[in-house]
Amino acid sequence: MTGEGGGEELRGIGARLRAAREKRGLTLLQAAERLHVDARVLQALEAEDFATLGADVYVRGHLRRYAESVGESPLQLQQLYSQSAQAARPDLTRIPRGVPESSGSRVLLPALLLVVGFAVAGLLWWLLTLPGEKAHPLPALPAPPPAASAAREPDLSPPVASGDGAAPAHPATAAPATEAQTRLDLSFSAPSWVEVSDAQGRHLLHGLIEAGTARSVAGEAPLLVVLGNAQSVVMRLNGAVVLPGALVRRDGSAHLQIDAAGRVSAAAPRLAHGD
């Protein structure tokens, strides 16, 4: 056996395993069934294709069991395997590797740049399509009114409609009082109906006057005055305050006659509003 063993050592691992198996009258499938392994494992050992068996620890384990099963020397075959240039080494190229993070970054970066590009393009489109703010010319200022003559005082208040809504109030831009005329100034703190006539029966002021307004008239005394809201009207005759006093009625109206000296008396009934 030793002489044969010395001669057999010159043969390869696979040849020794195959010869031992055939000597025992076993086929490859029968030997695999006895070891409870896949026949391709034993076939790889006999073909010395150790790389298909994986890591070195697996090759040595299969080799030891197969040698014991067919009556070969496990120790001698292990030594031959260690000395063999074809001894299986772990093939690191066969180990599956995960995708490196840099690969994911290479995929993510173009997608991110594409999204940013679309966002920038949308922003530019939105800015370009916004309606432009156009400058509007300022309205021209109205021309200043002509200078009022020294003989007249300007009346800037708006015209006031008469009580029946038909005719506007007479303007209060009356000529200054002459020796035969009397000047009457009226200031309104609240809306009030007013009628002013002179001794000749001319209507100097007629209509509803708004709050915060002032009117001035001039005519021949005595002046006949009707006030709808006498308490809201301050009257001055040639600059002196005129007080209706007890002539104001319960409803707040007053029908007055004012002479050139500023004396106030009750007016004739014909001056009542609506008469």
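The values are calculated or read from the model by the stated rules, or taken from the named source; none is laboratory data. Everything quoted here is computed from the prediction, not taken from an experiment. All Cβ positions, even for glycine, are placed from backbone atoms using ideal geometry, and neighbour counts span all protein chains on display.
What the table below lists for this structure:
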{"item": "Selection status of A268, surrounded by fewer than 20 Cβ atoms within 10 Å (Cβ to Cβ) and under 14 Å from D185 (Cα atoms)", "result": "no"}
{"item": "Hits in region 203-249 - residues which are of a type in the set (G, A, S), over 17 Å from A267 (Cα atoms) and surrounded by 14 or more Cβ atoms within 10 Å (Cβ to Cβ)", "result": "G207, A214, S216, A218, S232"}
{"item": "Residues (surrounded by fewer than 16 Cβ atoms within 10 Å (Cβ to Cβ) and within 17 Å of K23 (Cα to Cα)) located in region 44-73", "result": "E68, G71"}
{"item": "Subset of region 13-44 (residues that are within 20 Å of Q79 (Cα to Cα) and in contact with a Lys or Arg (Cβ under 9 Å, 6 or more places away or on another chain))", "result": "A19, L42"}
{"item": "Any hit, region 216-225, residues being touching a Pro at 6+ places or on another chain (Cβ under 7 Å) and part of a loop (DSSP other than H, G, I, E, B)", "result": "no"}
{"item": "Considering residues of region 234-260 that are at pLDDT below 90 and touching a Ser or Thr at 6+ places or on another chain (Cβ under 9 Å) only, the residue farthest from L205 (Cα to Cα)", "result": "L247"}
{"item": "Residue selected from region 26-78 under the condition under 18 Å from R11 (Cβ atoms) and assigned to a loop (DSSP other than H, G, I, E, B), by the criterion nearest to the chain's Cα centre (by Cα)", "result": "D49"}
